[in-house]
Amino acid sequence: MSELQFTIDGKDCKAKSGQTIVEAARENGIYIPTLCNFQGMKPAGTCRICTVKVAGRYQAACTTPAAPGMIVESNTPEIEDMRKAIVEMLFVEGNHMCPTCEKSGNCELQALGYRYTMLAPRFPYLWPVREVDAHAPKIYLDRNRCVQCLRCVRGIVTGDGKHVFALSQRGNKVGIDIDAQLAAGLSEDQAKKAMDQCPVGAILRKEIGFAVPIGRRKYDGKPIGSEV
Amino acid sequence: MGTNITAVVTGVVDAYKKDRSRLLDIVRDVQAQLGCVNDEAAAQIAASMNVSRVDVDGVVTFYHFFSKTPVGKYSVYLNNSVTAQMNGRAAVAKSFTDLAGCQFGQTTADGLIGLFDTSCIGMNDQEPAALINGVVFTRLNADKVKSIVGDMKAGKKVEDMVRDHGDGANQSALVKSMVNNNIQRKGPVIFAPFESGKALKAAVAKSPDDVIEELKVSNIRGRGGAGFPTGMKWEFCRKAQGAKHYVVCNADEGEPGTFKDRVILTEAPALLFEGMAIGGYAVGASEGVLYLRAEYMYLRKYLEDVLDGLRKKSVLGANAGGKSGFNFDIKIQMGAGAYICGEESALIESAEGKRGEPRNRPPFPVQNGYMGYPTTVNNVETYCAAARIVLEGGKWFKSMGTAQSAGTKLVSVSGDCRKPGVYEIEFGTTVQTLLELVDGRTARAVQVGGPSGTCVGKKDFGRRICYDDLATGGSIIIIGPNRDLLEVVHNFMEFFVEESCGWCAPCRAGNQLLLHKLEKIMHGHGTEGDLKELESWCKIVKSMSRCGLGQTSPNPIATTLQNFREVYEAKIRKGADYDTEFDLLASVQESCRVAGRIPNIHEEH
């Protein structure tokens, strides 16, 4: 695999051919915020938080391959404010009650809210009515907290390649649907994987909760992105 | 019921050989027989095709003309484009609800009639219009609705309710539609006389590279609106590695106000199909797909017949155009009601039987398109123009229009003018000249390029219609002096909220928030701060969205804020810094009503 050179905010970076800007940035010690992206999954580009500017055009860094000589703008006040706006949009378009959520402290959306010092969102709350689906024996799906990252759609498939989760409806009614029959067959490992991959508290395992107390969770001490 | 569902699903799924890429056709046919695709039908389709139930449901719920609940023996889809509203849609809708006995979004208790709103059906020059079981009804009024509802209650066949037929091929035995072409101005490219077979013959006499070169010389750019150079697109596709290549025609004109492709499909289908065959020859494809929007289902039999005729003349089929070894044929794939499918990669997803969600790029369709093969997707008008360029030469084409926008453009004109219809104009024509042609001199505003385009006022009527000034895929809506411009903007924003695919956050949430803010201003709760926020939010949605829909959906607000700021300023609270939009009195009353208490309110404030 050949190596190529490009820059992010003026810093020289190296990337392998075919690598996305997000992957390459990480390896070069630069944090570009992501939410829907998940290592090992084909990028979906749903949240757009990783948006950067390349040659005057806005592009999602998770779906755009780094190219030789590419000049990427990422950490500019303009882009950072628009990223913050997306975090705020995700908060107001769903119903996110952090204090009562099992995922608090491990939630990537909450962590991004802290990182971007979101106090009150600039947008009005939309208070959608969303259903909780608790039919599956091992997990439940709380659509109030869903950010439509599609990690569950991409990551949880049966042995014969069928989707357990899929998008339903469109526009502002779009939401994750769960195949009750296939979900009934999820193994313990798959159920755990579904919950762990969910960036928010939309997919939770039944009968297990708060095993790690709040205060000792992933983002309680250090902000998201500090690992880079 | 259960056994009936099983029999229907088995029959339909088998007819399509359990082909996953035909899921849209399968769902449509099942719904035609069962009246809807409910949970049980979806589960049975999924089981018999060995896919998950949620994947079938995902498709059923994505498309406007598919439904999980019964849509009625007669399903009425009444267009709610802004032009329909200008022409008395509200009264027509009221007649339907009064006479049918149910509200829009509902089906009558006896399951006879379903009433539904629908986005622009491509009849803006003859509104109000509706689709009833796929049959088009135009120029509706209260009397016509009375007769239609009477016919429905009498159990009449929908086809038999159509008494008058429109002009041209709308009268042909296979169409028999009341739709009118309204071709107001013919030009040299699309509606000039055409001898079927001649363009393809001229193309195959050259090498594919020379055909592409001719297109490059012509400077033709995509007629759908985005304006990518067609010659370059075909060249990329030709050069892309793949076991086979595809040619796809985007006949999903969904931009509210455009209907020119409908007229091409009616009056010049042979030119279109020949253009596709030329595309096939140029890129090295043996198969073409016409993706036809569901609203134009009434043209399908007619188009199939035209294709048959071309096969008999050897314009299509083996050794097409008389070129030994060039085999090319075209199939028609029906859409199911989704504006987003006009975006080329969403169209490909839909043509493959999936939800019409745009793809991430790279890879581009020319590299990895329909069924994973290199594919060129072009607009109906683009293929027609390509055929004409092969006949008349690239230099001839380039001699018309402007430096950056060669040739002519079909525009669909509707709204407040005396002569709505289709006009072939040279690129570079000013808005003023067009207004004179269509007799719309009183215009207060002109929406160029549909909701995703630009709303211009009098001071900009000297601007030119072309890619480098006011770009349009064909939609031109004239807005007269007595119209409430904010109502127009509101209609457009509701359209985008409805038609966003919902994949990416800024488009899904952002358009709702823009609509909400617009309503706040319309309701008299806006302040100067709200106008600034609107501007800023428009920029966020445009910059952060994944595809052309979200990148342009704020335009109704953004361009009216720019060109008609006074309309907004007249609505806001002067001098107020902030308005919570919270109405204490209304809230207390609502809470009392819910709780069954009597409000103790002193109404002196």
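In straight Cα distance, which lysines are under 18 Å from residue B:206, not counting same-chain residues fewer than 8 positions off?
Partners found: B:198, B:216, B:239, B:323, B:395.
Given all pairs of different Cα atoms, what value in angstroms does the Kirkwood hydrodynamic radius of the range B:185-280 take?
Answer for the range B:185-280: a Kirkwood hydrodynamic radius of 14.8 Å.
Treating cross-link reach as a plain straight distance, find the lysines whose alpha-carbon is under 22 Å from the alpha-carbon of residue B:354, omitting any fewer than eight places away in the same chain.
Result set, ordered by chain and number: A:42, A:162, A:173, B:17, B:18, B:68, B:244, B:331.
Given Cα positions, please report Rg to Rh for the range B:408-479, the hydrodynamic radius being the Kirkwood one. Each step should come with its number before you reach the end.
Numbers: Rg = 10.3 Å, Rh = 11.5 Å.
My calculation puts Rg/Rh at 0.89.
As a test of the formula, what do you get for the protein assembly as shown when each DSSP H run with n ≥ 4 contributes -39,500 (n - 2.57) and the sum is divided by the residue count, at 222 nm and rounded to the nearest 500 deg cm²/dmol? Can you show the working numbers first?
On the way: 31 runs with 311 residues, N = 833.
About -11000 deg cm²/dmol.
Could you work out the Kirkwood radius for chain A, taking every pair of different alpha carbons, averaging 1/r and inverting it, reported in Å? Kindly include the intermediate steps, with their values, before the conclusion.
Numbers: mean 1/r = 0.0535 Å⁻¹.
About 18.7 Å, per the Kirkwood formula over Cα pairs.
Can you give the Kirkwood hydrodynamic radius for the range A:3-75, in Å, rounded to one decimal and based on Cα pairs? Don't skip to the end; give the middle numbers.
On the way: mean 1/r = 0.0842 Å⁻¹.
Final number for the Kirkwood radius of the range A:3-75 is 11.9 Å.
Using the crude model of +1 on Lys and Arg Cβ and -1 on Asp and Glu Cβ, and no other charge, please compute the dipole size for the range B:471-605 relative to its Cα centre, in debye to 20. It would help to have the intermediate numbers written out before the result.
Numbers: 14 positive and 19 negative charges, 95 e Å.
So the magnitude is around 460 debye.
Quick query: amide H of residue B:375 versus all other amide H atoms, modeled in the peptide plane; which residues come in under 5 Å with a sequence gap of 5 or more or a different chain?
B:246, B:366, B:367, B:368, B:369, B:370
Less than 15 Å apart at the alpha-carbon level, and either on another chain or at least 8 residues along: which aspartates and glutamates does that give for residue B:146?
Filter leaves B:98.
Over the whole of B:538-550, what's the average partner chain Cβ count within 10 Å per residue? Rounded to a whole number, please.
Counting Cβ atoms of other protein chains within 10 Å of each residue's Cβ and averaging gives 4.
On a C-alpha basis, how far is the centre of the range B:240-282 from the centre of the range A:60-95 in Å? Whole number, if you could?
Spelled out, the Cα-based centre of one part sits 36 Å from the other.
Which net charge results when you count Lys and Arg as +1 and Asp and Glu as -1 among the other residues whose beta-carbon is under 12 Å from that of residue B:296? Mind showing how you got there, number by number?
Working: positive: B:262, B:293, B:300, B:301; negative: B:252, B:253, B:261, B:295.
Neighbourhood net charge equals 0.
Rounded to the nearest 0.05, what FRET efficiency is calculated for residue A:125 and residue B:578 with R0 set to 25 Å and r the Cβ-Cβ distance?
0.90
Provide the per-residue ³J(HN,Hα) series for the range B:291-306, in order, calculated from phi with Karplus coefficients 6.51, -1.76, 1.60 and θ = phi - 60°, each as a whole number of Hz, with x at glycine and proline positions.
Couplings: 8, 9, 5, 4, 4, 9, 3, 5, 9, 4, 4, 4, 5, 4, 5, 4 Hz.
What is the sum of charges around residue B:138, taking Lys and Arg as +1, Asp and Glu as -1, for the other residues whose C-beta is under 13 Å from the C-beta of residue B:138?
Details: positive: B:89, B:139, B:144, B:163, B:262; negative: B:125, B:127, B:164, B:167, B:295.
Around residue B:138, the charge tally is 0.
Using just the Cα positions, wrap the range B:74-163 in a convex hull and report its mean projected area in square nanometres, one decimal place.
Details: hull surface 20.0 nm².
Mean projected area of the Cα convex hull: 5.0 nm².
For the range B:288-386, what class follows from the C-alpha gyration tensor (a ≥ b ≥ c being the square roots of its eigenvalues): rounded when a/c is under 1.5, otherwise prolate if a/b is larger than b/c, else oblate? Don't skip to the answer; put the middle values down first.
Details: a/c = 2.34, a/b = 1.39, b/c = 1.69.
Cα axes put the range B:288-386 in the oblate bin.
Provide the net charge surrounding residue A:227, with neighbours chosen by a C-beta distance below 11 Å and charges set as Lys +1, Arg +1, Asp -1, Glu -1.
Numbers: positive: A:26, A:218, A:222; negative: none.
Once all neighbours under 11 Å are counted, the net charge is +3.
If you plug each phi of the range B:4-13 into the Karplus form 6.51 cos²θ - 1.76 cosθ + 1.60 with θ = phi - 60°, what whole-Hz ³J(HN,Hα) values come out, in order, with x for Gly and Pro?
4, 4, 4, 5, 5, 4, 4, x, 5, 4
Let's test the formula: R0 of 41 Å, r as the Cβ-Cβ distance of residue B:586 and residue B:331. What FRET efficiency results, to the nearest 0.05? Walk me through the numbers on the way to the answer.
On the way: r = 56 Å, r/R0 = 1.37.
Step by step, r from the Cβ atoms, then E = 0.15.
Taking the alpha-carbon set of the protein assembly as shown, what are its Rg and Dmax in Å?
Spelled out, the Cα radius of gyration and Dmax of the protein assembly as shown are 27.3, 90 Å.
Can you tell me what percent of all Cα-Cα pairs in chain B are more than 33 Å apart? Write down the numbers at each step before the final one.
Values: 85251 of 182710 pairs.
Tail of P(r) above 33 Å: 47 percent of Cα pairs.
For B:507-515, what's the mean count of beta carbons from other chains sitting within 10 Å of each residue's beta carbon? Please report the intermediate quantities before stating the final value.
On the way: counts 2, 10, 14, 6, 2, 8, 10, 1, 1.
Per residue, the average neighbour count from other chains is 6.
In debye, nearest 20: dipole of chain B around its Cα centre with unit charges on the Cβ of K, R (+) and D, E (-)?
Working: 70 positive and 71 negative charges, 275 e Å.
Dipole of chain B, to the nearest 20 debye: 1320 debye.
Show me, for the range B:568-576, the HN-Hα J-couplings you get by feeding each phi into the Karplus relation (A = 6.51, B = -1.76, C = 1.60, θ = phi - 60°), rounded to Hz, glycine and proline as x.
Along the range B:568-576, the couplings run 6, 5, 5, 9, 7, 7, 5, x, 7 Hz.
Taking one equal scatterer on every alpha-carbon of the range A:43-138, how large is log10 of I(q)/I(0) by Debye at q = 0.18, 0.19, 0.22 1/Å?
-0.95, -1.01, -1.19
Farthest toward the dipole's positive end in the protein assembly as shown, which of A:166, A:201, B:200, given Cβ charges of +1 (Lys, Arg) and -1 (Asp, Glu) about the Cα centre?
Comparing the listed Cα positions along the dipole, B:200 ranks first.
For helix B:208-218, what angle does its Cα long axis make with the longest principal axis of chain B, in degrees from 0 to 90 and rounded to 10?
50
With point charges of +1 on the Cβ of Lys and Arg and -1 on the Cβ of Asp and Glu, referenced to the Cα centre of chain B, which listed residue (B:190, B:558, B:310) lies farthest in the positive direction of the dipole?
The listed residue farthest towards the positive side: B:310.
Considering the dipole of the protein assembly as shown built from charges on the beta carbon (Lys and Arg +1, Asp and Glu -1) around the Cα centre, which of B:219, B:430, B:155 is farthest to its positive end?
Among B:219, B:430, B:155, the one farthest towards the positive end of the dipole of the protein assembly as shown is B:219.
Looking at the range B:185-398 from every direction and averaging, what is the projected area of its Cα convex hull in nm²? Before the final figure, lay out each step's value.
Details: hull surface 42.7 nm².
Taking the Cα atoms of the range B:185-398, their convex hull projects to 10.7 nm² on average.
Which FRET efficiency value, to the nearest 0.05, do you get for residue B:207 and residue B:404 by plugging their Cβ-Cβ distance into 1/(1 + (r/R0)^6) with R0 = 30 Å? All intermediate terms of the calculation are to be shown ahead of the outcome.
On the way: r = 28 Å, r/R0 = 0.94.
According to the calculation, E is roughly 0.60.
When the convex hull of the Cα atoms of the range B:2-62 is projected onto a plane and the area is averaged over all directions, what value comes out in nm²? Can you show the working numbers first?
Values: hull surface 13.5 nm².
Averaged projected hull area, Cα only: 3.4 nm².
Shape call for the range B:318-367 from the C-alpha gyration tensor, a ≥ b ≥ c root eigenvalues: rounded (a/c under 1.5), prolate (a/b greater than b/c) or oblate?
Oblate is the answer for the range B:318-367, as a/c is 1.5 or above yet b/c matches or exceeds a/b.
Readers should treat all values here as calculations from the given coordinates under stated rules, not as data from a laboratory. Values in this document were obtained by computation on a predicted structure and should not be read as measured data. Cβ coordinates were reconstructed from backbone atoms using ideal geometry, including for glycine residues, and neighbour counts include every protein chain displayed.
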